[in-house]
1. Would you tally the residues in the stretch 240-255 being under 21 Å from Glu354 (Cβ atoms) and within 22 Å of the chain's Cα centre (by Cα)?
2. Scan the stretch 130-180 for residues that are assigned to a strand (DSSP E or B) and either under 30 Å from Lys223 (Cα atoms) or of a type in the set (A, V, I, L, M, F, W, C) (or both) and report the count.
3. Kindly indicate whether any position in the stretch 367-375 is among the hydrophobic types (A, V, I, L, M, F, W, C), under 30 Å from Leu81 (Cβ atoms) and in contact (Cβ under 8 Å) with a residue 60 or more places away in the chain.
4. Between a residue in the stretch 116-134 that is assigned by TED's automatic domain parsing to the domain that holds Tyr146 and within 13 Å of Pro330 (Cα to Cα) and any residue that is at pLDDT 90 or above and surrounded by 16 or more Cβ atoms within 10 Å (Cβ to Cβ), which pairs come within a Cβ distance under 7 Å, given they are 6 or more apart or on different chains?
5. In the stretch 205-262, which residue that is among the hydrophobic types (A, V, I, L, M, F, W, C) and part of a strand (DSSP E or B) is surrounded by the most Cβ atoms within 10 Å (Cβ to Cβ)?
6. Give the stretch 316-344 a look and list any residue that's surrounded by fewer than 20 Cβ atoms within 10 Å (Cβ to Cβ) and part of a strand (DSSP E or B), or say none.
7. Name every residue in the stretch 244-268 that is out of contact with any helix residue (DSSP H, G or I) (no Cβ under 6 Å at 6 or more places or on another chain) and among the β-branched types (Val, Ile, Thr), in order of residue number.
8. So Leu72 fits all but one of (1) assigned to a helix (DSSP H, G or I); (2) over 19 Å from the mean Cα position of the chain (by Cα); (3) farther than 29 Å from Gln19 by Cα; what number is the exception?
Amino acid sequence: MATIKPFRAIHPNPFYADQLVFAKPQAESVAGNAELPEGLPPLKTLLETGARLRPETPEMQALAYDDINNILKQLLESERLWLDATPCIYVYEAAHPSYKQVGIWALTALEEPIKTHELTFDDSVRRIKNYREHTGLEGSPILLTYPPDPVIDDIIAESKQGFPDVRYESAAGIHKLWKIEKPEIQEQLISAFAGIESVYLADGHHRKHSAQLLLQEQAKNEKTLFDTISAIYMSTQEVKIRKYNRVVLPDMPIRKKWLFNQLLPHFYIQESFNNNPVQPFEERKMGMYIQGNWYYLRAKPNTYSSNTNILDVSILQDFILSSLFHITDPATDQRLKHTGGEKAMPEMELLFRENPDAIGFTLCPMTVDQLCTAADAGLNLPPKSTWIDPKIPYGLLLYKHE
């Protein structure tokens, strides 16, 4: 089941959306100057990146959080950002050039049993928890998926009959939001989600884990509880899992003969016909690029026979990334780069051109059914195991806990 509730969202004045949401984030910090800069950087820079770039001393972090809270106040007072007058549940649609995705955006209770499939790392969780505690801000929702429900589908379809309340267009697509303000419709949605048997976390494992840890601390210390989290619910028919490739940038050049000798006990190896790039579409098959050549890797039964539910991302992590390259933290190790989505292969090829010693690996994209099965079985996949669409721009809707 899922317990959802409406919220008063903060969203950009459409006149400033190109700057605040869709501009490329700037690397420099704006923390340290609580005045709004000329030519506004995007919200992610204004309201999040500044704290990450400050030295992690209590004093410097306190200054960063004060700046963020002051900048948010100024953005609201100057009407660059708008705060909705009443709590709403939102229908969200992301329209890409070749497909659309639609779901429900609401707050969801943190204490609900949501099934997860991916590991988190302590340092990332710690940073996000500190940010949440001191700003109360949520600029990006977690993504939850659930089996299709006819009541929810009907409400979404009916809501979309009217003009969207918010519409933003960018090079990556069109984003639309319809407000559900009527209490009777909100109650229908709340009831429908309460009746869903299983809800799965598709994206946002670190955000959810950090929010739960903070909630436990707040309850223990008798402080105000941040007991909800911003979430988009999309049915399993809407969520899309894309190809997600890896590129290893080794500390020193790797000899091909040595690498093949290490791989052969666990993989069958075959040259790619005409040296075409390999993008597998079958389980247990991978592509590998080294020294200008592409190869097929097929996992031998000894890599998965002890657990028939094991997925290719785990085979790659256990038998190649960890054992051969000593990459134990795929989320933060600077020797490992990830390329995903529609630009996965071009970005991969750019890394090869810039790094002649790079070694690339391609995998068959995981299915949504596999993701749910892994969560049902209690499996924990390596961090950054999946590239999941939609990617919701930071600041499209913000929520601030008070």
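1. Qualifying residue count for the region: 6.
2. Qualifying residue count for the region: 10.
3. From the stretch 367-375, those among the hydrophobic types (A, V, I, L, M, F, W, C) are 368, 371-372, 374-375; that's our starting set.
Then keep just the ones that are under 30 Å from Leu81 (Cβ atoms); that gives none.
No: zero hits.
4. Thr120/His209
5. The selected residue is Ile232.
6. Matches in the stretch 316-344: Leu336, Lys337, His338.
7. Ile254
8. If we test Leu72 against (1) assigned to a helix (DSSP H, G or I); (2) over 19 Å from the mean Cα position of the chain (by Cα); (3) farther than 29 Å from Gln19 by Cα, just (3) comes out false.
The values are calculated or read from the model by the stated rules, or taken from the named source; none is laboratory data. Computed from a prediction, not measured in an experiment: that's the story for all the values here. As a convention, Cβ positions derive from the backbone with ideal geometry for all residues, glycine included, and neighbour counts pool all protein chains shown.
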